[in-house]
Structures are given as structure tokens and as C-alpha cells.
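Student: To start, I am sharing the structure in question, which I have written as C-alpha cells.
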Amino acid sequence: MSEKILVIGANGQIGTELVTALRGIHGAENVIASDINSPNYAIRNSGPFEFANVLDKDNLHHLFDKHRPTQVYLLAAILSAVGEQKPKMAWDLNMTGLLHVLDFAVEFKTSKIFWPSSIAVFGPHSPQYNTPQYCVMDPNTVYGFSKLAGERWCEYYYVKYGVDVRSLRYPGLIGWRANPGGGTTDYAVHIFHEALKKGKYQGFLSAQTALPMMYMDDAIRATINLMDAPAENLSIRSSYNLAGISFTPEQLAEEIKKHIPDFEMSYADSDPRQAIADSWPKSIDDTQAQQDWGWQLDYDLAKITGDMLTNLKKII
Ligand code: VAH
């Protein structure tokens, strides 16, 4: 029987690319994109679309009942920076949406659920380097503790109700097909656009702020690899660490200069996102993902930079 996949939050940075990838694998007609907003350019006319509001239980129930999806990817979320501006809305959307989807997965016996977590689940007292799968986790952003609470709910529904929900702690994600929205790591995408348009960029994080990042191609491949893995191989039902590649804004600027020698980088100070970034790990240990489902990173900083500039040049 072919898969019937529902992607909620399809217009977002991950959703846009995941819908395209899943439609390439399963056939466009078997991947229903949904979002609270109209479909974006990449998704419009490339397959079925439904409006979805994760806070509207009846709307979501209708989508589950109408399509009887075998897999659901719940990507709708408010990220770290916007979450600090709208804390109650971020908590409500990130939590209520997940609980609706988990409840409907039980009711409709959905085979698999994917829900994104983040390295934002770690906090100031978590180990800062090679942060392990298990350690002290004291996130101090609403986004971070909503993701930590969500991980606990995912494991709870797996243990108590047998819901096959799977999750990844994504690092900051970098891609050219869709822009990020409202995150602390967004500088690592904006810098490429500005470098090509203006030859300069003022970053909102300090030069030495190292953060784990990942190219979107790797993130999508990790997501599909995890979802395709045999359930019996998975030892983690909260969310798997994903290390990506750690670098600083200064290192990224230097890599860009190898392609655009006159590129000028500068740094704003006192941006509220600096405190968020400072609370996160500098690097992550993803040994468990490597052992359980064979994860291997492909894109390093040089490859990310080259691919971003090559592709953005065609559309800027
Ligand atoms: C954010 N892009 O900046 C997200 C991500 C690790 C960061 O979760 O909020």
C-alpha cells in the first residue's frame, strides 16, 4: 500500500523542502501539503494542498479523517526569537498543535509521526561542547522548553499508546530554497543573500558565537533516513541529537570571502538573540543517531558555502 503523507506547516523553511523531497519519493498526489497560509511558490501546483490551523482541533480532525494519512509531519512552530516576543502564543502553538496530532495519531492509528525538536532544548548548564544525548537540560527560552516538553510528550505517547513518533534535535538550518523565520540562527542564511546583493552584511550575533548548523539537504536526508529506519533499531523516543557542523559568524564570513573577496562583514551589538545563542551548545554529539540509523553528515562549511552561493546566484 502506498504511503499517504500529511505535512503540516508546509510553507516553512523545512516544510517547503521536505514536501518537495517526499513528493519525489512517494508521488506528488500522495503528499498533502498544509499550512495556515496559502501555498508558497514551491508547493503551489505541485500537489494537493489543504489549509491547516494546528490550534483548530476540528480542522485537524477533519484532515486526518478525510485523508487517513499513514505519516504526519508536524512542522508548524514559533521559533526562538519570535517565541521570546510572543511567549504565550509560542507555548500554545508549539504544545497544543503537538498534542492534537498525537491524539489523532492514536484515534486514526497513524503509522508514523515526525515532530522537529532542536538543540534549543539545551541550556546554560548543559555541557557546551559535544553535548551528549542525555545531560542537564535547562533551556531558558519558551521555544527551548516547549521543544523539551514536546519531547517528553512524544516519548510518553510512544510508551503509553504505541504511537511511532520520531524526532530530531535540528541545529540551525541553512538552505536556499526557503528562508527561515524568527530564529536565532537565521543570520547564517541572511548573510548569503546580503553578500550577493550588497557585498556586505551586519550580523546580529558576535563574531565568535559558535553554533551547530546543518545544510538543509543534510537535514532532509536525516529526516527521511530516520523515518525509514526500522522501529526496532530506534533507542531514542524523545528526540535524536544531530550535530551538523559548528562554526562562528567570523568563520562563515571568511569562507564567503573565498568566493567574494571584497565581502565586508560587521557585527551589531546588544541584539537580544545573542543571549539566546549564548545559552545553546557550541557543538553536539550525535553518536546515537550514527549507531541507531547510520547517520552521516555530508555538507561541511566549505560545501555549504559553495552550494548556497551557486544556487542563490541563479535566483537573486
Ligand atoms: C532557531 N532555527 O533559531 C531555530 C533553531 C537551533 C535553532 O531551532 O530558533
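Student: Across region 145-151, in residue order, what do the Karplus-derived ³J(HN,Hα) couplings come to in whole Hz, using 6.51 cos²θ - 1.76 cosθ + 1.60 with θ = phi - 60° and x for Gly and Pro?
Tutor: Along region 145-151, the couplings run 7, 6, 6, 5, 5, x, 4 Hz.
Student: So, one more: Counting only residues 5 or more places away or on other chains, whose amide H sits under 5 Å from the amide H of residue 213 once H atoms are built in the peptide plane?
Tutor: Counting only residues 5 or more places away or on other chains, the set is 172, 245, 246, 247.
Student: Still on this structure, please answer the following. Share of Cα-Cα pairs in region 212-316 beyond 18 Å, in percent?
Tutor: Value for region 212-316: 60 percent of Cα pairs lie more than 18 Å apart.
Student: Accessible area per residue for region 62-168 in Å², computed with a 1.4 Å probe and the full protein assembly in place, what is it?
Tutor: Using a 1.4 Å probe on heavy atoms only, each residue of region 62-168 averages 42 Å².
Student: So, in nm, how far is label residue 231 from label residue 68 when the simple model puts each one 7 Å beyond its Cα toward the Cβ?
Tutor: 1.9 nm
Student: From the phi angles alone, apply the Karplus equation (6.51, -1.76, 1.60; θ = phi - 60°) to region 39-54 and give each ³J(HN,Hα) in whole Hz, x where the residue is Gly or Pro.
Tutor: Rounded to whole hertz, the list is x, 7, 4, 6, 9, 4, 6, 9, x, x, 9, 9, 6, 9, 10, 5.
Student: Whole number please: convex hull volume per residue, Cα atoms of region 122-260, in Å³.
Tutor: 131 Å³
Student: For the pair residue 200/residue 290, report the inter-label distance in nm, with labels modelled 7 Å from Cα in the Cβ direction.
Tutor: Taking the simple label geometry, residue 200 and residue 290 are separated by 4.2 nm.
Student: Could I ask something else about it? Which percent of the accessible area of region 1-113 is formed by carbon and sulfur heavy atoms (probe 1.4 angstrom)?
Tutor: It is 54 percent, rounded to a whole number.
Student: If you place +1 on the Cβ of every Lys and Arg and -1 on the Cβ of every Asp and Glu, how big does the dipole about the Cα centre of the chain come out, in debye to the nearest 20?
Tutor: Result for the chain is approximately 480 debye, rounded to the nearest 20.
Student: Taking a probe of 1.4 Å, how large is the accessible area per residue of region 194-251, in Å²?
Tutor: Here the residues of region 194-251 average 34 Å² of exposed surface.
Student: Using a simple charge model, +1 on the beta-carbon of Lys and Arg, -1 on the beta-carbon of Asp and Glu, nothing else, what dipole does region 225-316 show about its Cα centre, in debye to the nearest 20?
Tutor: 240 debye
Student: Hey, if you put +1 on the Cβ of every Lys and Arg and -1 on every Asp and Glu Cβ in the chain, which of 309, 157, 132 ends up farthest toward the positive end of that dipole?
Tutor: 309
Student: While we're on this one: Taking the Cα centre of region 163-316 as the origin, how large is its charge dipole in debye, to the nearest 20, when only Lys and Arg (+1) and Asp and Glu (-1) carry charge on their Cβ atoms?
Tutor: 460 debye
Student: Report the Cα-based extents of region 33-98 along its three principal axes, largest first, to the nearest Å.
Tutor: 35, 27, 17
Student: Quick one: check the C-alpha center-to-center distance for region 87-164 versus region 223-252, whole angstrom.
Tutor: Cα centroid to Cα centroid, the span is 14 Å.
Student: Where the accessible area of region 132-211 is counted over protein heavy atoms with a 1.4 Å probe, how much of it, in %, is carbon and sulfur?
Tutor: 54 percent
Student: I've got another one for you. Would you calculate the convex hull of the Cα atoms in region 233-286 and tell me its volume per residue in Å³?
Tutor: 112 Å³
Student: Starting from 0.36 nm per residue, how many nanometres of slack lie between residue 140 and residue 208 once their C-alpha separation is accounted for?
Tutor: Extra length from residue 140 to residue 208 when fully extended: 22.4 nm.
Student: Does anyone have the angle between helix 301-315 and the longest principal axis of the chain? Alpha-carbon axes, 0 to 90°, nearest 10?
Tutor: Relative to the chain, helix 301-315 is tipped by roughly 80 degrees.
Student: While we're on this one: Quickly work out the residue 36-to-residue 159 label distance, labels modelled 7 Å from Cα along the C-beta direction, and quote it in nm with one decimal.
Tutor: According to this spin-label approximation, the distance is 3.2 nm.
Student: Show the residues, 5+ positions off or on another chain, whose built amide H is closer than 5 Å to the amide H of residue 31.
Tutor: 5
Student: Related question: Rounded to the nearest 5, what is the percent of antiparallel bridges among the DSSP beta bridges in the chain?
Tutor: Once the DSSP bridges in the chain are tallied, antiparallel ones form about 10 percent.
Student: Turning to a different aspect of this structure: Starting from the Cα coordinates of the chain, work out the convex hull volume and express it per residue in Å³.
Tutor: 123 Å³
Student: Show me, for region 182-188, the HN-Hα J-couplings you get by feeding each phi into the Karplus relation (A = 6.51, B = -1.76, C = 1.60, θ = phi - 60°), rounded to Hz, glycine and proline as x.
Tutor: Per-residue couplings from phi come out as x, x, 8, 9, 4, 4, 6 Hz.
Student: A further question on this structure: Can you give me the C-alpha center-to-center distance between region 2-26 and region 37-70, rounded to a whole angstrom?
Tutor: Cα centres, region 2-26 to region 37-70: 11 Å.
Student: Okay, moving on. Using only C-alpha atoms and all pairs of different ones, pull out the Kirkwood radius for region 70-115 in Å with one decimal.
Tutor: Its Kirkwood hydrodynamic radius stands at 11.3 Å.
Student: Moving to a separate point now. Run lengths n ≥ 4 of DSSP H only: what is the helix-derived mean residue ellipticity at 222 nm for the chain, with -39500 (n - 2.57) per run over all residues, to the nearest 500?
Tutor: Roughly -13000 deg cm²/dmol at 222 nm, from the helical runs in the chain.
Student: Okay, next question. Which cross-chain or sequence-distant (5 or more) residues have an amide H under 5 Å from the amide H of residue 131, H modelled 1.01 Å from N in plane?
Tutor: Close amide H contacts, sequence-distant or interchain: 283, 284, 285.
Student: Please report the net charge: other residues with Cβ closer than 11 Å to the Cβ of residue 121, K and R +1, D and E -1.
Tutor: The answer is +1.
The values are calculated or read from the model by the stated rules, or taken from the named source; none is laboratory data. On a predicted model such as this, the values are computed, not experimentally measured, just so you know. Using ideal geometry, Cβ is built from the backbone for each residue, glycine included, and neighbour counts are taken over all protein chains shown. Quick note on the areas: whole protein, heavy atoms, side chains included, nothing else; ligands and nucleic acids left out. Shrake-Rupley method; radii C 1.70, N 1.55, O 1.52, S 1.80 Å.
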